[in-house]
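Engineer: The structure follows.
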Amino acid sequence: MTFYVKPLLGSCPLSQLVSSSCVRLSYLHLLYQQRDSLDCVAEKVVDSGQFYEEVVYGGGGSQWDRLSHFTLMVAASLDQGFREFWVEAECLLFNYRLEREMMGKEVITSVRRLGRHLEEFMDGSSEEVWGEVFMAVKELLGDRLLQHWVECRETECRHGNTLIPFTMVLPLVRVRRVVMSLGRAQVNCRLVQATLGCIFRKIINTKLDIVSK
């Protein structure tokens, strides 16, 4: 699982870039089509061959996973209709990996890496753009709520009371799944996965806004 804050550096043959991006797009389309019955997705991916798996399967984070993500992000910045599809499909992929593919240790490592990357942005104008995302990640790690969540086996566990900027979890605020306190949202164990999904959505929308300028 990766939050795609930093793109890869270096060069890549155009043919491989196009191929990996097309494979990812087909996978995102599959996820979007099967969003109400994702149990069949893994079998279809395995049947599609090794390259397909290298691009989009197995938790993400490979060079082809990241290259294809950023290539499609550029395309999404140029067309509003494609942007809407791409954001929803990437969020489906993120949540699918989070729920079905990743070990708890890997999730914590990914979130800690995100925190380190965001900390590098905490100066000048970048702080205004990424400050709330950084604070949300910092609070989840600092209160050890994330650690509790990966070890917890209760689906409706209400352990914890981590306060994060409410703008980070607007989808949860709209349906009143969180309690508000002085402009912050209270997050407990049962809301951690949804909160990580909201953080991911915020990150890719922020990056799309930056690329679109």
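Engineer: Across segment 202-213, in residue order, what do the Karplus-derived ³J(HN,Hα) couplings come to in whole Hz, using 6.51 cos²θ - 1.76 cosθ + 1.60 with θ = phi - 60° and x for Gly and Pro?
Structural biologist: 4, 5, 6, 5, 5, 5, 5, 4, 5, 5, 6, 5
Engineer: Now, a different point. Taking the Cα centre as origin and putting +1 on Lys and Arg beta-carbons and -1 on Asp and Glu beta-carbons, what dipole magnitude results for the chain, to the nearest 20 debye? Please list the in-between numbers first.
Structural biologist: On the way: 25 positive and 26 negative charges, 88 e Å.
With Lys and Arg at +1 and Asp and Glu at -1, about 420 debye.
Engineer: Taking the Cα atoms only, what angle lies between the long axis of helix 14-33 and the longest principal axis of the chain, rounded to 10 degrees?
Structural biologist: 60
Engineer: Picking from Leu31, Phe82, Leu98, whose Cα lies most toward the positive end of the charge dipole for the chain (charges on Cβ: Lys, Arg +1; Asp, Glu -1)?
Structural biologist: My answer, from the dipole projection, is Leu98.
Engineer: Then there is this: Would you work out the relative contact order for the chain, in percent, from Cα pairs under 8 angstrom that are 6 or more residues apart? Can you show the working numbers first?
Structural biologist: Details: 231 pairs, mean separation 45.7, N = 213.
Dividing the mean separation by the residue count of the chain yields 21 percent.
Engineer: Next question. Using a Förster radius of 30 Å, what is the FRET efficiency between Ser181 and Phe85 based on their Cβ-Cβ separation? Nearest 0.05, please. Mind showing how you got there, number by number?
Structural biologist: Working: r = 35 Å, r/R0 = 1.18.
Step by step, r from the Cβ atoms, then E = 0.25.
Engineer: Check the chain and count each lysine pair with an alpha-carbon distance under 23 angstrom, considering only pairs eight or more places apart or from different chains.
Structural biologist: Taking the chain as the scope, the lysine pair count is 9.
Engineer: Filter the GluC sites (Glu not before Pro) in segment 73-122 to those in DSSP coil with at most 13 other Cβ atoms within 10 Å of their Cβ, and list the result.
Structural biologist: Details: sites: Glu84, Glu88, Glu90, Glu99, Glu101, Glu106, Glu119, Glu120; in loops: Glu101, Glu120.
Sparse-neighbourhood loop GluC sites (Glu not before Pro): Glu120.
Engineer: Further question: Among [x] 1.03; [y] 1.00; [z] 0.96, which is the computed Rg/Rh (Cα atoms, Kirkwood Rh)?
Structural biologist: The value computed from this structure is option [z].
Engineer: Could I ask something else about it? Using the beta-carbon distance between Arg174 and His148 and R0 = 22 Å, what value does 1/(1 + (r/R0)^6) give for FRET efficiency, to the nearest 0.05?
Structural biologist: Values: r = 26 Å, r/R0 = 1.17.
E(calc), rounded to 0.05, equals 0.30.
Engineer: What residues qualify as long-range amide H neighbours of Arg35, i.e. H under 5 Å apart, gap of 5 or more or another chain, H built at 1.01 Å from N?
Structural biologist: Placed amide hydrogens put nothing under 5 Å from Arg35.
Engineer: Something else now. Using only DSSP helix segments of four residues or longer, with each worth -39500 (n - 2.57), what per-residue ellipticity at 222 nm results for the chain after dividing by its residue count and rounding to 500? Write out the running numbers ahead of the final one.
Structural biologist: Working: 10 runs with 138 residues, N = 213.
Counting only the DSSP helices, I get -21000 deg cm²/dmol.
Engineer: Going toward the positive end of the dipole of the chain, with +1 on Lys and Arg Cβ and -1 on Asp and Glu Cβ, which of Val5, Leu182, Val169 do you reach last?
Structural biologist: Working it through, the farthest residue towards the positive pole turns out to be Leu182.
Engineer: Test of the criteria: in segment 123-167, which GluC sites (Glu not before Pro) are in a DSSP loop and have at most 10 other Cβ atoms within 10 angstrom of their Cβ?
Structural biologist: Values: sites: Glu127, Glu128, Glu132, Glu139, Glu151, Glu154, Glu156; in loops: Glu154, Glu156.
Sparse-neighbourhood loop GluC sites (Glu not before Pro): Glu154, Glu156.
Engineer: In terms of modelled amide H atoms, which long-range or inter-chain residues lie less than 5 Å from the amide H of Ala185?
Structural biologist: Result for Ala185 returns Ile164, Phe166.
Bear in mind these aren't lab numbers, they're just calculated from the coordinates by the rules spelled out. Here the structure is a predicted model, which means the values were calculated and not measured. Note: ideal-geometry Cβ built from the backbone for every residue, glycine included; neighbour counts use all protein chains shown.
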